[in-house]
Amino acid sequence: MPALNPSVWLSHPTWYIVPSPIKDGSGDDGGTQQVRITCKKAAHQTDPDEIQDCRRSRWMGGVIISADLSQIELRAAALLSGEPFFVNAYLNGWDMHGRAAALMWSESEILSRYPDLAGVPIDRWRKTNKSFSKREGQVGKRINFSHLFRAGADKMQGSVLADIGEIIPVHYFERIVSGRQRDLPVLWAWQEERIAEARTTGRVTLPLTGHHRNFAGGEKYDVNEIVNFPIQSTAAMVLMRIQHYVRTLILRRSLEHEVLPFLNVYDALYFDCARASLVPTVLDIYREAVRIVADTDYWAMLQTHYGRKIPLDYEHKVHSHAA
C-alpha cells in the first residue's frame, strides 16, 4: 500500500448530483439547476489560483494530473447548432480564435501591428507570434465563447479586461454584437429556437437524455441562460460519461488504491496518483475513456442524432508541484 503523506490534509466537499432538488444560489445548501454536478463546503470547482497552487498529492512521492477537454463547449455548440464557422473550424483545423480576432480588428490592422505575420496563414498566427496569441488571440477566444450565451458589449469588455488587463474601447465589442446574427446565422437561428421553446413550453430539453431546465418567465426569465443551458449541459454530460468510464477502467486494472479521480471541474478531471510512474497508465485510461464516449457512447449518439461529426480533443498537465 502506498505511504500517505502525513502533512497533507484532505478536504471533503459536499457534492450535488444531477438532478438536484435544491436550487443554485442558496448558500451552503447549494445544489444545481444545470446538468453539471457541483460541490460546496468547499467549492473546489471555483478555487482561485492561490488555492489550486496549494493542492498536494495525499501520497509520499505522488503527483496530481489534470485532463481538460479542449473547447468542449464550443464543440458542443458546433454539434448541437451546426453553425458552419464552428463546424468547419473543427473539421478543417481552423483557428477560430485567431479568425475572431481578425474579424474584430481586420487583418490589415493586425498585420500592421505584427509584420512578421505577413504571409503566414491566419490559422497559424497564434502559434507564430506569442504576443498576438496572448492579446488578440485571447480576445478572439473570449469573443467566441461570448456567442454561446449572447454576452453584451459591456460584459465582453469586462471579461477581456480580466483576461488581458487592458480596456479595449467598447465600440469594438458593439460591432461584434451587432454582427452576430449576420456572422453566425445558423447558431443564431438555433438559439432563437431554444428561446421559442422556453417561451412556449416553459423549459428547454436536451435530446436523447431528456434532461431539462424550467424557465418560468418573469424575473427568472434569462435569454443568456436559455441559449447556454443546452451547450453547457451537453459539455458537462460528456465529461461525466468520460468520468464513468475512467472509474470503470481504473477498477478493471485494480488501481483504485493508487489512482483516485478526486475533482470534476466541468470540463476537466483531476487525478491523484500514488507515484509518478503511473502517469502514462492514467493518461492511457483517460484516452480510452474519451474514445469510448466519442465512438460508441453519448457523444457518438449525439453525432448520429444530428447527422454530423465533431471530434473531441483534450489536454493534460502533470502538476509536479503536487508531489
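The values are calculated or read from the model by the stated rules, or taken from the named source; none is laboratory data. Note that the coordinates shown come from a computational prediction; the quantities given were computed from them, not determined experimentally. Virtual Cβ from ideal backbone geometry, glycine too; neighbours counted across all protein chains shown. For the accessible areas, the whole protein counts, side chains as well, though only heavy atoms, and no ligand, DNA or RNA atoms are used. Shrake-Rupley method; radii C 1.70, N 1.55, O 1.52, S 1.80 Å.
At full extension, K317 and A3 could sit 110.7 nm farther apart than now, given 0.36 nm per residue minus the alpha carbon distance. Ordered by 1.4 Å accessible area with all protein chains kept, L269, L91 run largest first as L91, L269. Each peptide among 102-113, 133-144 gets the average number of other Cβ atoms lying within 10 Å of its residues, and from highest to lowest they stand as 133-144, 102-113. Per residue, the accessible area of the chain comes to 50 Å² when a 1.4 Å probe rolls over the protein heavy atoms. Close amide H contacts of H212 (hydrogens built in the peptide plane, cut-off under 5 Å, sequence separation of 5 or more or a different chain): L206. Exceedance of the 23 Å cut-off in Cα-Cα distance is limited, within the set K41/K134; K141/K317; K40/K134; K134/K317; K130/K317, to K41/K134; K40/K134.
Report, to the nearest whole %, how much of the accessible area of the chain belongs to carbon and sulfur atoms, 1.4 Å probe, protein only. Exposed carbon and sulfur together represent 53 percent of the surface. Projecting label points 7 angstrom from Cα along Cα→Cβ for E256 and A43 puts them 3.2 nm apart. Go ahead and run the numbers for FRET between D53 and Y306, Cβ-Cβ distance against an R0 of 45 Å, rounding to 0.05. Working from the Cβ atoms, E equals 0.65. For region 104-120, putting each phi into the Karplus relation 6.51 cos²θ - 1.76 cosθ + 1.60 with θ = phi - 60° gives couplings of 6, 9, 5, 4, 5, 5, 5, 5, 5, 7, 10, x, 5, 7, 4, x, 8 Hz, in residue order, rounded to whole numbers and with x for Gly and Pro. Normalising the average separation of contacting C-alpha pairs (under 8 angstrom, six or more residues apart) by the number of residues puts the relative contact order of the chain at 27 percent. Close amide H partners of R275, meaning residues 5 or more places away or on another chain with modelled amide H under 5 Å apart, are V63. At the residue level, W188 shows approximately 60 square angstrom of accessible surface with a 1.4 angstrom probe and all protein chains present.
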